[in-house]
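I have placed the structure first, in the form of structure tokens, so that the comments after it can refer back to it.
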């Protein structure tokens, strides 16, 4: 049974989430089908929040599943959303879906990552890019932002590093605002500390195109110039913490020359693999 102290704990948490979303008590109460008076009493610890009421409020505040569980625990209730390791048998369909999506993206790079931007799966095209970074950055957990923006990573190869860094900083800032996650806030500070040049002025034609999509432009160690546009995919109807926090980042060629280079790199990988002796055969 919830204690008086647990009620007092959940109230300030709920108020923090409401203020973070810039909602008044009345606005939130109307959306969550409760009274502003009751919500006020909950926030000040004078009233015990019901479990269903707490879940309705968290839904309206768009609180992530992990933090919804924390709200429930603070109120003395059991978590509503399970959390499993990606390696557990119950998440086999999730792993299989990731594998299919990543394989279908070949010969273009793609990876799957968790909420903290740690890479949990990647296709060969992305792994080939990772070979260009300092091996220290590939020590687990491998973080996508560190690979991309650390001076020891891909950053020296990115031609529009200022633009790219600003884009990912904005995404990370939004994520910190949504989740209030201390680890993400620390990652934001780290990424913000990386050096990056000022945005370069773009020719008129490129500036017009940028209004639609901002490409990632980079030069490989062999001197080939690549240009990408990216997409982000998540699992729909996820009802479990780990799955709800996964995202798939895919890069597509922004021009024919990039597509041709990536196809050539994929052929080279296949040829290298076909000439590798099978030391595990019987």
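Laboratory data are not the source of any read-out in this text; all were calculated from the coordinates shown. The shown structure was predicted, so the numbers you read here are calculated from the model rather than taken from an experiment. Because the Cβ atoms are built from the backbone with ideal geometry, glycine has one as well, and the counts that use them run over all protein chains shown.
On full extension, the segment bounded by residue 271 and residue 233 gains 10.6 nm, given 0.36 nm per residue less the C-alpha separation.
With helices as the sole contributors, the chain gives -15000 deg cm²/dmol at 222 nm; each DSSP H run of n ≥ 4 counts as -39500 (n - 2.57), and the sum is divided by every residue. For segment 34-109, the equivalent ellipsoid derived from the alpha-carbon gyration tensor has semi-axes of 38, 14, 8 Å in decreasing order.
What's the FRET efficiency of residue 73 with residue 96 using the Cβ-Cβ distance as r and R₀ = 30 Å, to the nearest 0.05? Please report the intermediate quantities before stating the final value.
Values: r = 32 Å, r/R0 = 1.06.
Once the sixth-power term is evaluated, E becomes 0.40.
Each residue, residue 178 and residue 85, gets one label point 7 Å from its Cα in the Cβ direction; the gap between the two is 2.7 nm.
For segment 114-178, the Cα-based Rg and Dmax, in that order, read 12.1, 33 Å. Average 1/r across all pairs of distinct alpha carbons in segment 11-75, invert it, and you get the Kirkwood radius: 11.3 Å. For segment 18-171, the alpha-carbon radius of gyration amounts to 1.43 times the rule-of-thumb value 2.2 N^0.38 Å expected for a compact globular protein.
Given the convex hull over the Cα atoms of the chain, what projected area results after averaging over all orientations, in nm²? It would help to have the intermediate numbers written out before the result.
On the way: hull surface 78.5 nm².
The orientation-averaged projected area of the Cα hull of the chain comes to 19.6 nm².
With each label modelled as a point 7 angstrom along the Cα→C-beta vector, the residue 103-residue 263 pair spans 2.2 nm. Relative contact order of the chain: 16 percent, from C-alpha pairs under 8 Å at least 6 residues apart in sequence. For segment 82-148, the Cα-based Rg and Dmax, in that order, read 12.6, 38 Å.
Which FRET efficiency value, to the nearest 0.05, is calculated for residue 35 and residue 166 with the Förster distance at 51 angstrom and r the Cβ-Cβ distance? All intermediate terms of the calculation are to be shown ahead of the outcome.
Working: r = 44 Å, r/R0 = 0.85.
Efficiency, from the Cβ-Cβ distance: 0.70.
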